[in-house]
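Working notes for the structure below.
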Amino acid sequence: MATEKEMYELIGRAVMDAEFRKKLMADPEQAAKEAGFTLTAEQLAALKSAEGKGLAAVLEERLPKTLGVIYIE
Amino acid sequence: MAEANKRIALVFMPFSSWRMPSLGISLLKSSVAQRGFACDIHYFNLSLAEQIGFDAYGRITEWFPNRWLIGEWLFAPTLFGENREADLQYVGQVLLGDPIDKITPVEVLLLLDLRDRIAGFVDRCFDAVDWSQYAMVGFSTSFHQNCASLALARRIKLHYPDIPIVLGGSNCADGMGASLLRLFPFVDFVCPGEGDLAFPELVEAVFNGDPTPTIPGMLSRQDAVDAPASPLRPAPNLDALPCADFTDYFAQLKRINPPPDIEVLIPLETARGCWWAQTHQCVFCGLNGAELRFRSKSPQRVLNELICLRENYGDKHRVHITDNILDYRYFRTLLPELAAQPLGLSFSLELKANLKREQIALLAKAGITSMQPGIESLSDSILKLMRKGTTRLQNIQTLKWSKQYGISTIWNILYGFPSEDPAEYAAMERLVPLLLHLDAPHRCGHIRFVRFSPYYRDPAANGITSLAPARTYGHIYHPLGEDDLRQLADIFEAEYADDSATYTQGLRQAVQEWQTRGDAVLDVFPSPHAIRIVDTRRLGEKKEYQFAGVAADVYLLCDAARSVRELMAAPAIRGLATESEVIAALDRFVEDGLMIRQGRQYLSLAVARDGQPATRQ
């Protein structure tokens, strides 16, 4: 079962290895298994939730909507 | 000499919002047109928004904290090549390691995937245009536009070495511009300040056959060697500037077919500089670079420009007034004109928060639908620390009256000021449940230490022991050394005793909940002899209060903050109630959470819903 630390290691591997990154995006379960990470059902669900959605949809689910203006921080 | 039939290209790269044309280069297009030179603006930010999706692009530009420089990181490999170690540090220390705003591993993966997908974007920008038709190519770079701009500039220079490359925009301000020239040899000129006067002169010189002219207000490659003090050349008279030409933006916007429900903003500049900062610059603010001097357009010029904008681009877009602060003389001149003769346009703007109710009513009547009052805190001691020149009650009044007159407000709570009192954040957290009926802060975030701010200019005087470029720069501009980063950086990390991530936790949580409570109301309905107050601030509860006589009058009088002494002098109270009756009424309102007290001042919190000012005199 992957701990949070292992999950971060998995992301680290994705940063360093473009091929692994592609595999992870396409088939998270298989890619993680091949790389020796055993993900929890929750972690796997989180990874799968990104499939076909893209960044905007994933962020939309957890962040407050922008307020519809150009905002200068 | 540049061939007479050649044109000028101005380029706007990602990541800058796709929902608004660039004011700077649109003004320059008009300026060079006045001298007879044709100019095309290429909005490649629109192309990228179309490629990756308008929502995803919008998230990149509007949500991620500025200090992450996410737009720069996405294009860093295009400019500098792959560096996996630097990427690993960026992901670990910034995206996953930020003490406050870190994102999830899945979101990191999606960002990595996005970066893979835009790897060839700059090549496509290069291929999309016949650059040989241009005598000069200029780039506007502000915030997160350096990497993409520099990558395309280098590509153009490689293929067309005779075309001068010019950079301008806020990323070039003062010393940052000189360092861009020094570090990137394919850049020929940099405009370190306002380009209204210098850029057209540069264009004219190049067309007249001088490839290396010396133009006041413009840095050339020679300056990269000699490293002179940057010559700034601000426009002395804004009325003398032409109207910006946004035709390229709207033509390109039409081609990419954006979602129909998205509002496009048209930028309008009525002033430059900051009149407040000329005497009391807010400690964290670095806006306006080294040129703070306030200059504004005449009301008639602004009116003419608005009419021109409406004629050219229609009235369905919101006009975004780009000034950092409104010229308060407009309350006597421009705004009454706009209110009396509505142009059918809506506006957004930024201004100082110490507004009177009548001023907010006038803003609404003039067409302002959204504003960013510089609120920044709901604590008097922290407002004082940041030299904001406003008080907690003024800020709350402004939020309340904006609600009353239908103006949405964009505002922040900032924290992390050196020597601030942590207890103030606990006090703000206790205040939040009373304010749920008002617009929530857009963000509750740590202050940034930025170039040109008082914190940057004199850190020691402000309790900061050292300032270094934000480590993000090192992960993105990985080939550069510490000294180069210091000259290039706009955002810095300060060393001082800072435990704000801990002591603001409760407030940040409360603000997050506030952001979900758009349904909460606290309304007061005045009638001739009484008031009725409806309160739904507590989730799932609806309370109603009725007050008559002195209590009703006291509540309405405190629509603007008042002391007991001021209340006793008011015609509605004088001779009709004793001081102890007034104090008893005030205490009851405070106890019920319908009013707040700050020192001797009391402020009613309910929003008047009769369409008229709540106060009966």
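Tallying residues that are under 14 Å from the mean Cα position of the chain (by Cα), at pLDDT 85 or above, in a helix (DSSP H, G or I) and of a type in the set (Asp, Glu) within region A:15-73 yields 1.
Hey, any hits in region B:327-337 for a residue that's under 23 Å from the mean Cα position of the chain (by Cα) and not in a helix (DSSP H, G or I)? Yes: one or more hits. Only one of the numbered conditions (1) farther than 27 Å from residue B:448 by Cβ; (2) within 9 Å of chain A (Cβ to nearest Cβ); (3) within 22 Å of the chain's Cα centre (by Cα); (4) not acidic (Asp, Glu) is not met by residue B:67, and that is (1).
The set of residues from region B:468-503 being touching a residue at least 12 places away in the same chain (Cβ under 8 Å), among the acidic types (Asp, Glu) and not in a strand (DSSP E or B) comprises B:482, B:484, B:490, B:498, B:499. Output the residue which, of all residues in region B:9-54 that are of a type in the set (D, E, K, R) and over 20 Å from the mean Cα position of the chain (by Cα), is nearest to the other protein chains (Cβ to nearest Cβ). This residue is B:50. Within region B:503-531, the set of residues being β-branched (Val, Ile, Thr) and at pLDDT 95 or above comprises B:504, B:511, B:521, B:524, B:531. Regarding region B:448-465, can at least one residue be identified that is more than 14 Å from chain A (Cβ to nearest Cβ), touching a residue at least 24 places away in the same chain (Cβ under 8 Å) and more than 25 Å from residue B:292 (Cβ to Cβ)? Yes. Taken over region B:409-438, the residue count meeting the criterion of being more than 17 Å from residue B:501 (Cβ to Cβ) and among the small types (Gly, Ala, Ser) is 1. Residue count for region B:468-525 under the criterion of being farther than 30 Å from residue B:596 by Cα and β-branched (Val, Ile, Thr): the result is 3. In the set (1) in a loop (DSSP other than H, G, I, E, B); (2) acidic (Asp, Glu); (3) modelled with pLDDT of 80 or more, the condition left unmet by residue A:9 is number (1).
A residue that is buried (at least 16 other Cβ atoms within 10 Å of the Cβ), within 20 Å of residue B:397 (Cβ to Cβ) and among the aliphatic types (A, V, I, L, M) occurs somewhere in region B:508-520. What are the residues in region B:363-387 that are in contact with a strand residue (DSSP E or B) (Cβ under 9 Å, 6 or more places away or on another chain), in a helix (DSSP H, G or I) and touching a residue at least 24 places away in the same chain (Cβ under 8 Å), if any? Result: B:363, B:380, B:382. The residue of region B:119-153 that is nearest to residue A:14 (Cα to Cα), among those that are within 27 Å of the chain's Cα centre (by Cα) and within 14 Å of chain A (Cβ to nearest Cβ), is B:144. What is the residue count in region B:84-101 for residues that are within 11 Å of chain A (Cβ to nearest Cβ) and either more than 24 Å from residue B:154 (Cβ to Cβ) or surrounded by fewer than 19 Cβ atoms within 10 Å (Cβ to Cβ) (or both)? So the answer is 10.
All of B:429, B:420 fail the test of being more than 14 Å from chain A (Cβ to nearest Cβ) and part of a helix (DSSP H, G or I), apart from B:429.
The values are calculated or read from the model by the stated rules, or taken from the named source; none is laboratory data. The structure presented is a predicted model; accordingly, all values stated were derived computationally and were not measured. For neighbour counting, all protein chains shown are included, and Cβ atoms are generated from backbone atoms with ideal geometry for every residue, glycine included.
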